[in-house]
Amino acid sequence: MYNSNEIIALQKATTKISELNEIEDVNLLREVLRFHEHRYYVLNDPLISDEEYDHIYKKLENFEKTHPESITADSPTQRVGNSLNIEFKTVNHLVPMLSLENSYNPDDLIAWDKRLKGIVDSAVVEYSVEPKFDGASLSLLYENNFLERGVTRGNGFEGDDVTLNIRQVGSIPLSAEFKNYGIEKIEIRGEVMMNKSSFKDFNEALISEGLAPLANPRNAAAGSLRMKDPTAVRKRKLEAIFYHASYIEAGAGDSTNSFIPSTHSGRLQLLNQLGFKTPIKEVKIFSSINEVISYCLEFEVLRDNLPYEIDGMVIKVNKIELQQKAGSTSHHPRWAMAYKFKARQATSKLLTIEYQVGRTGAVTPVAKIEPVRIGGVTVSSVSLFNENIITEKDIRVGDTVIVERAGDVIPYIVKPLTELRTGHETKIIFPAKCPVCHAELVKPEGEAVWRCENIGCEAQVVERIIHFVSKDAMDIRSMGEANVRKFYSEGIISNIPSIYELDFTQLGTLAGFGQKSIDNLKSAIEKSKDQPLHRLIFGLGIRYVGETTAKALAKSIDSIFELGQLTTDQLSTIKDIGAKVSESIFDFFHNEENLETIKKLDTLGLNTIGEKKEDKDGILSGSTFLFTGTLPGLKRAEAEALAEKHGGKILSAVSANLTYLVAGESAGSKLEKAKKIKSIQIINEAEFLNLINS
Ligand code: IVH
């Protein structure tokens, strides 16, 4: 798409535009923004930060406000539609969107290869093989280089016009230089997808808001295309990948079509060259069906390691001329075949429902089913998420249900097979009381989740401790879920601070706890005291505060206690923190019990110092530090954070690069080593603090 000279020129232009106040060339500014959109959305390899992009984007926005006559339909600002509650018109596809014929095993493919060769009357056929993307299909129409419309598959003949929504998908070019290839009008097909990690984040956000998560990335992508608010579409990280040109009209007087590649793989290359995301990395050409089969089988193994969902492979005749010769039925092209991967669905019987209480008190119904193997894993427990899902799908105890487990997506019940009902199935009645502490359950308006509001509910306390020690929070490895449950039931721990007051002698009396595991646990707990503050904030389990928010909070404060002094308005000024999150943080830090917990953790020696960005021009800049021994006032992590905050750098070992060794009580080998290097200045805590205060 961009050659190295262009990349260098556009990067230079980026810097210049960023620094200049005046806009000299608005078209160049647009070109620069398009270039960075392509780097970010299509190549997933941005060259500038989001902040830098926003800065330049704002310049264009401001310019266009004062020069509205200059706005073009493909200006990067024109993705953002402003019409709310759009209606989707039904429109005809230029060419019907056919389905694909499915095959499920190598024999099917061998039979197809034979059949096809008979139809096209050729002993050798070149095949192009690529993944079958599991998203929502889409067709785009470009006329005179401009994106005119985007349409969902619908019934194959007509679909919904979702143009305003798909303009929000950053990897879809608003214009592309088709005319350079003699193309006046083109309809291209592809799939809108949400990749697995965006889907996970998306669902976590839904769950934390008390809403029902979506079953799979395909549903998330399809639902996104049909949202009534285009700006909301932008917030869902959608990708679009294109794999077929269904209609091409050459320009008037251009009868040659000479620039248009005559193979499928060549056309994918062309689309890619024009700025579209296409499967060029995955596509492979083979001239024997056995090689095709090997590639399909190879990919099936890789399936779970890919960042996006695929449900098979698509094998296409590579030469367009041969495709035309093979033709289509009313249902599918004869020149293509889908090779479907093994099903990730199975049927099982729903035995009973259990209700689990999470750390925020949310009560989740979990279906216990007869154990069944799906994609190599035995499934016996399936979350039903909330009451609505049970009602909407009319799931009953005793039902035969279809269960799906897609990759790392958690298993879910697709539907009950109502035709198999015997009349002995029983309706599921959601409990009115907490199954653990028996407090009345409540469901706030607008939410889908029932909650136990008793903060002292045992189930919640245990879940909060499990969350606190978990990998992404304080990462106390040897603790783990099973141990937390065991220690709690044995009365060894009772809340989060009690982790740091463990009676290791009592622990020794538990079965399976030898000296080695006790030592490991001791050192893991000790180590966790020095975890950066964002982990502690995340570990506290404040509602709506995920890892990203915890990081943003930690970066904006000097100490955790500051959070208790901020108003909701002040909290809302922190990046990505909205009204609901700031209220939740405010409430948390105005709850006596929570404040007690935090004070206690501080007294027990946990790092509570904020992560405000280091001051590059700080008083300590250019100096390096190493802290050793026990300091009289500061905890190790606090001292390090302080040094960094004032521009100092922390080293992990004594070397000639070290400026200061700050030594406390019982400093050992590091002090001895430092004494031997003349350039190192050995100071104590008070002298270190003086450096900062001077
Ligand atoms: S080619 C005329 N290639 O799967 C044939 N389709 O189950 C055009 N799909 O309707 C389709 N990945 O929505 C093609 N690499 C791929 C695909 C693909 C996913 C979808 C497409 C099609 C459906 C059939």
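The values are calculated or read from the model by the stated rules, or taken from the named source; none is laboratory data. Being a predicted model, the structure only gives us computed values, none of them experimental. Note that we place each Cβ from the backbone using ideal geometry, even for glycine, and neighbour counts take in every protein chain shown. Heads up: the accessible areas ignore ligands, DNA and RNA and are worked out on the full protein's heavy atoms, side chains in. Shrake-Rupley method; radii C 1.70, N 1.55, O 1.52, S 1.80 Å.
Observations, loosely collected:
- Hits in the stretch 468-501 - residues which are part of a loop (DSSP other than H, G, I, E, B) and among the β-branched types (Val, Ile, Thr): Ile476, Ile492, Ile493, Ile496
- Leading residue by the ranking (nearest to the chain's Cα centre (by Cα)) among those in the stretch 118-150 that are surrounded by 15 or more Cβ atoms within 10 Å (Cβ to Cβ) and of a type in the set (D, E, K, R): Asp134
- Of the listed requirements (1) in contact (Cβ under 8 Å) with a residue 60 or more places away in the chain; (2) over 28 Å from the mean Cα position of the chain (by Cα), Leu595 misses just one: (1).
- Members of the stretch 308-325 found to be closer than 15 Å to Ala123 by Cα, in contact with a strand residue (DSSP E or B) (Cβ under 6 Å, 6 or more places away or on another chain) and open to solvent by less than 10 Å² (accessible area, probe 1.4 Å), listed by number: Asn318
- Among the candidates Glu52, Glu87, Glu31, residue that is open to solvent by 60 Å² or more (accessible area, probe 1.4 Å), more than 24 Å from Asn165 (Cα to Cα) and under 31 Å from the mean Cα position of the chain (by Cα): Glu52
- Inside the stretch 303-335, residues that are touching a Pro at 6+ places or on another chain (Cβ under 7 Å) and part of a loop (DSSP other than H, G, I, E, B) make up a count of 1.
- Val283 vs. criteria under 29 Å from Gln168 (Cα atoms), touching a Ser or Thr at 6+ places or on another chain (Cβ under 7 Å) and not aromatic (Phe, Trp, Tyr): yes
- Selected residue (criterion: nearest to the ligand (Cβ to nearest atom)) from residues of the stretch 182-197 that are more than 20 Å from Lys132 (Cβ to Cβ) and surrounded by fewer than 21 Cβ atoms within 10 Å (Cβ to Cβ): Lys185
- Any hit, the stretch 257-275, residues being more than 13 Å from the ligand (Cβ to nearest atom), open to solvent by 70 Å² or more (accessible area, probe 1.4 Å), touching a residue at least 40 places away in the same chain (Cβ under 8 Å) and of a type in the set (Val, Ile, Thr): no
- Scope the stretch 422-467; condition farther than 22 Å from Gly546 by Cβ, hydrophobic (A, V, I, L, M, F, W, C), in contact (Cβ under 8 Å) with a residue 24 or more places away in the chain and not in a loop (DSSP other than H, G, I, E, B); matching residues: Leu441
- Among the residues listed as Ala511, Ala482, the single one being under 38 Å from the mean Cα position of the chain (by Cα) and more than 29 Å from Leu595 (Cβ to Cβ): Ala482
- Only one of the listed residues (Thr597, Thr628) is out of contact with any Lys or Arg (no Cβ under 7 Å at 6 or more places or on another chain) and at pLDDT 90 or above. That residue is Thr597.
- When the residues of the stretch 371-421 are filtered to those that are polar (S, T, N, Q) and part of a helix (DSSP H, G or I), the one that is farthest from Tyr355 (Cα to Cα) is Thr418.
- Meets criteria (out of contact with any Pro (no Cβ under 8 Å at 6 or more places or on another chain), closer than 30 Å to Ser294 by Cβ and either touching a residue at least 24 places away in the same chain (Cβ under 8 Å) or in a strand (DSSP E or B) (or both)) for Ala338: yes
- Residues that are touching a strand residue (DSSP E or B) at 6+ places or on another chain (Cβ under 9 Å) and polar (S, T, N, Q) within the stretch 670-682 comprise just one, Gln681.
- Residue that is nearest to Tyr127 (Cα to Cα) [pool: residues in the stretch 326-335 that are touching a helix residue (DSSP H, G or I) at 6+ places or on another chain (Cβ under 8 Å) and within 11 Å of the ligand (Cβ to nearest atom)]: Trp335
- Every condition in (1) open to solvent by less than 70 Å² (accessible area, probe 1.4 Å); (2) assigned to a helix (DSSP H, G or I) holds for Glu583 except the one numbered (1).
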